[in-house]
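For reference, the structure is listed below as structure tokens.
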Amino acid sequence: MQRIRVSSRQSPVHKLGDSQMTLSPKFRLAAMQSSLLDPSLDYELSMKGDSLIPGLPDDIALNSLLRLPVDDHTHCRAVCKRWYSLFGSKERFFTRRKELGFHDPWLFVFASHKCTGNIQWKVLNLTHFSWHSIPPMPCKDKVCPHGFRCVSIPREGILFVCGGSLTAVDSPLNLVLKYEVQKNRWTVMKKMITARSFFASGVIDGMIYVAGGNSTDLFELDSAEVLDPSKGTWRSIPSMDTNMVAYDAAVLNGKLLITEGWFWPFYVAPRGQIYDPRTNNWETMAEGLREGWTGSSAVVHGNLFVVSEHERTKLKVYDTENDCWETIEGPPLPDQICKPFSVNCSDCRIFVVGRNLHLAIGYIIRLCPRNSTDNRLKFSVQWQVVVAPETLSNLTPSSAQILFA
């Protein structure tokens, strides 16, 4: 039996899936200090002539201060009371950013320690390339970091963590957690109808779809369901045409694509399913699409790209008309990015997070056809490497999500 020591100064750790529990950020100020975060106090200080930055109007000063990296906030709090008020709470910091219309992408990486197995979220500021942490998920029991599925609604600054499994007994979970950037906290949502791990997930028109995976008896599932985040309720949708544990999934042209994935040795061809919420039906994935899907995917310019794990980690794109994959021009994934890696994208950039949380940013460029009769889409990629600090050297990613804040 695992024992948890709880300090008298800390809230007790709740068990996974406690529907009444919310997790308060560990960096939220104590109640005795809350007056310093009161907006009315900030207004009072400004009326007394306490400027955010002497010689600058407050609106210009605030616009500048809200661009500072999060890892500098601790030092900034010591400047004055108004800076303490602004930087003393990440919740208030991100709320003010939203009020002023900031929409910068941040990379949220779900990782585990390779020695202890402890799970944690690390966040990369994609402007300053600085890392910081968010409050830990409410996990008491030992869990498998790769059994979860994470999805995000980027423009709303929200991500969801679903399912997973307990490491000791390999038992799938129906857990659902929601993290909100603006509030900087986790909330336990209503559980999935079916406990599952290693399943597919995706967001279509703000709705969260999950399908397949391992069941509580370790058999593969064919069931699927959808969450309406605004109502917090799950409902079943038609089952897939086959029982399947998902390797990867993507949303393309309003459809959820799920692949079983290639595993060495290649004894049998992988299976694949496609769900269309407009018709509420599943169909079998085209042969070329499923057999060439040999890595982790990202959708850029309305096209499906895959960072391949088998062909010298080259980037390739799916040709819908010809049901085939084409390797795009440019170098392969940089050597610093070691498997296992997680992939996501924003605009024309693909983000590949590898072991030790080193990051490769692939800039996708659409090429003009060489002649008027060539209608095929051509792309090239250029890679930029962002080396993570030594403090992250023992972390292995299992998911990467983009949120705007």
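Since every read-out is calculated from the coordinates, none of them should be taken as a lab result. As the structure is a computational prediction, the values presented were derived from the model and not from experiment. Here the Cβ is made from the backbone with ideal geometry for all residues, glycine too, and neighbour counts use every protein chain on show.
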Between GLN336 and CYS80, the FRET efficiency computed from the C-beta separation at R0 = 30 Å comes out, to the nearest 0.05, as 0.15
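Among the listed pairs LYS316/LYS378; LYS90/LYS122; LYS191/LYS231; LYS90/LYS191, which have their C-alpha atoms separated by more than 18 angstrom in this model? It would help to have the intermediate numbers written out before the result.
Values: LYS316/LYS378 10 Å; LYS90/LYS122 15 Å; LYS191/LYS231 13 Å; LYS90/LYS191 28 Å.
From the list (LYS316/LYS378; LYS90/LYS122; LYS191/LYS231; LYS90/LYS191), the Cα-Cα distance tops 18 Å for LYS90/LYS191.
Fewest to most neighbouring Cβ within 10 Å: what's the order for SER215, SER296? Can you show the working numbers first?
Values: SER215 18, SER296 23.
Ascending Cβ contact count within 10 Å gives the list SER215, SER296.
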With the charge dipole of the stretch 105-404 built from beta-carbon charges (+1 for Lys and Arg, -1 for Asp and Glu) about the Cα centre, the Cα from THR320, VAL386, GLY206 projecting farthest to the positive end belongs to VAL386
THR320 and ALA269 label points (each 7 Å along its Cα→Cβ direction) are spaced in nm at 2.2 nm
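Which of the GluC sites (Glu not before Pro) found in the stretch 265-351 are loop residues per DSSP with 15 or fewer other Cβ atoms within 10 Å of their Cβ?
Numbers: sites: GLU283, GLU287, GLU291, GLU309, GLU311, GLU321, GLU326, GLU329; in loops: GLU309, GLU311, GLU321.
Sparse-neighbourhood loop GluC sites (Glu not before Pro): GLU311, GLU321.
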Using eta = 0.692 mPa s and T = 37 °C, Stokes-Einstein with Kirkwood Rh from Cα pairs puts D for the stretch 336-405, in µm² s⁻¹, at 239 µm²/s
The residues ARG235, ARG96, sorted from fewest to most surrounding Cβ atoms within 10 Å, come out as ARG235, ARG96
Given Cβ charges of +1 for Lys and Arg and -1 for Asp and Glu, the option among ASN280, HIS113, VAL245 whose Cα lies farthest towards the positive end of the dipole of the stretch 105-404 is HIS113
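In percent, how large is the relative contact order of the stretch 311-405, given Cα pairs closer than 8 Å and 6 or more residues apart? It would help to have the intermediate numbers written out before the result.
On the way: 181 pairs, mean separation 25.8, N = 95.
Taking the mean separation of contacting Cα pairs over the length of the stretch 311-405, I get 27 percent.
What FRET efficiency comes out for the pair SER380/ASP276, r = Cβ-Cβ distance, R0 = 25 Å, nearest 0.05?
On the way: r = 32 Å, r/R0 = 1.26.
For SER380 and ASP276, the calculated efficiency is 0.20.
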Using alpha carbon centers only, the stretch 251-326 is separated from the stretch 109-184 by a whole-angstrom value of 25 Å
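With r defined as the distance between the Cβ atoms of LYS114 and LEU218 and R0 fixed at 30 Å, what FRET efficiency is calculated, to the nearest 0.05? Don't jump to the answer; show the numbers that get you there.
Values: r = 25 Å, r/R0 = 0.84.
About 0.75, to the nearest 0.05.
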